[in-house]
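Remarks on the structure that follows.
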Amino acid sequence: MIIVLAMHGMPPKDFPEKEKMEFMRLHSQHARPGALTAEQMKRHAELDVQMRAWPRTETNDAFHAASCRIAAEMKKINGVEVLVAFNEFCAPGVPETLDKAAGLKQGEVVVATPMLTRGGSHAELEIPADIEKARQRHPGVQFRYAWPFDSAFVAKFLSEQIQRSTAHSDFIFSPKK
């Protein structure tokens with residue numbers, strides 16, 4: 001078994017502001033068919049590649065760093081390879097990572113995401129679509145999606161986190177400035 005941890009992704013803090021704003025404007029329209037001209041689609045794709053390939057550090061992308069730490073912990077717990085994938089803004093993307101996982105030939109590929117609630121387009125629509133396309137590209141590989149989460153499980157997890165945070169004064173979160 002191999003695990004693919006499908007994360008959301010964030011733009012890096014040090015990505016050029018002008019290009020980030022242009023990308024976000026185009027990205028917000030990209031999902032609507034016909035909303036972008038061919039030239040705008042090309043520019044969106046160029047900026048997407050540039051943003052995804054941007055070097056990531058703890059300083060410029062704490063989300064990326066935290067995602068890698070979660071994957072490392074999951075590897076320790078499960079004793080199997082865990083690959084991190086990102087839906088947007090960061091590489092590697094989910095489709096590429098599913099292909100890499102299939103190429104490792106370690107049995108089934110289990111996809112998990114920390115997106116806990118139903119109704120989000122990434123967890124509910126995009127990741128399943130990426131998995132289905134991977135199944136078509138790799139018919140000999142079994143792909144499994146460990147989602148959605150049971151509401152009672154999520155409520156218990158969050159309640160335990162609240163209990164731990166209220167029991168320890170060092171658990172108080174204060175954003176870094």
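Structure summary
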quantity: Residues (part of a helix (DSSP H, G or I), exposed (fewer than 12 other Cβ atoms within 10 Å of the Cβ) and either hydroxyl-bearing (Ser, Thr, Tyr) or modelled with pLDDT of 95 or more (or both)) located in segment 161-177; calculated: 166, 169
quantity: Residue ID - farthest from residue 126 (Cα to Cα), chosen from residues in segment 77-94 that are assigned to a helix (DSSP H, G or I) and not polar (S, T, N, Q); calculated: 77
quantity: Any chance residue 58 is part of a loop (DSSP other than H, G, I, E, B) and in contact with an Asp or Glu (Cβ under 9 Å, 6 or more places away or on another chain); calculated: no
quantity: Index of the failed condition, residue 99 passing every other in (1) of a type in the set (D, E, K, R); (2) closer than 16 Å to residue 3 by Cβ; (3) at pLDDT below 95; calculated: (3)
quantity: The lone exception for residue 83 - which of (1) in contact with a helix residue (DSSP H, G or I) (Cβ under 6 Å, 6 or more places away or on another chain); (2) modelled with pLDDT under 95 it fails; calculated: (2)
quantity: In segment 25-78, the residues that are at pLDDT 95 or above, loosely packed, with under 12 Cβ neighbours inside 10 Å and polar (S, T, N, Q); calculated: 59
quantity: Scope segment 11-24; condition free of Cβ contacts under 8 Å to residues at least 24 places away in the same chain, surrounded by 12 or more Cβ atoms within 10 Å (Cβ to Cβ) and part of a helix (DSSP H, G or I); matching residues; calculated: 24
quantity: Residues of segment 95-128 that turn out to be among the polar types (S, T, N, Q), closer than 22 Å to residue 156 by Cα and either touching a residue at least 60 places away in the same chain (Cβ under 8 Å) or part of a helix (DSSP H, G or I) (or both), as a count; calculated: 1
quantity: Which numbered condition residue 59 misses (of (1) within 17 Å of residue 8 (Cα to Cα); (2) of a type in the set (Ser, Thr, Tyr); (3) more than 17 Å from the chain's Cα centre (by Cα)); calculated: (1)
quantity: Where residue 63 falls short, out of the listed (1) touching a helix residue (DSSP H, G or I) at 6+ places or on another chain (Cβ under 8 Å); (2) assigned to a helix (DSSP H, G or I); (3) under 21 Å from residue 127 (Cβ atoms); (4) aromatic (Phe, Trp, Tyr); calculated: (1)
quantity: Odd one out for residue 74, checked against (1) in contact with a Pro (Cβ under 8 Å, 6 or more places away or on another chain); (2) in a helix (DSSP H, G or I); (3) over 12 Å from residue 134 (Cβ atoms); (4) not polar (S, T, N, Q); calculated: (1)
quantity: Residue under evaluation residue 131, criteria (1) among the hydrophobic types (A, V, I, L, M, F, W, C); (2) under 19 Å from residue 2 (Cα atoms); (3) part of a loop (DSSP other than H, G, I, E, B), criterion not met; calculated: (3)
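The values are calculated or read from the model by the stated rules, or taken from the named source; none is laboratory data. All of these numbers come straight from a predicted model, not from anything done at the bench. As a convention, Cβ positions derive from the backbone with ideal geometry for all residues, glycine included, and neighbour counts pool all protein chains shown.
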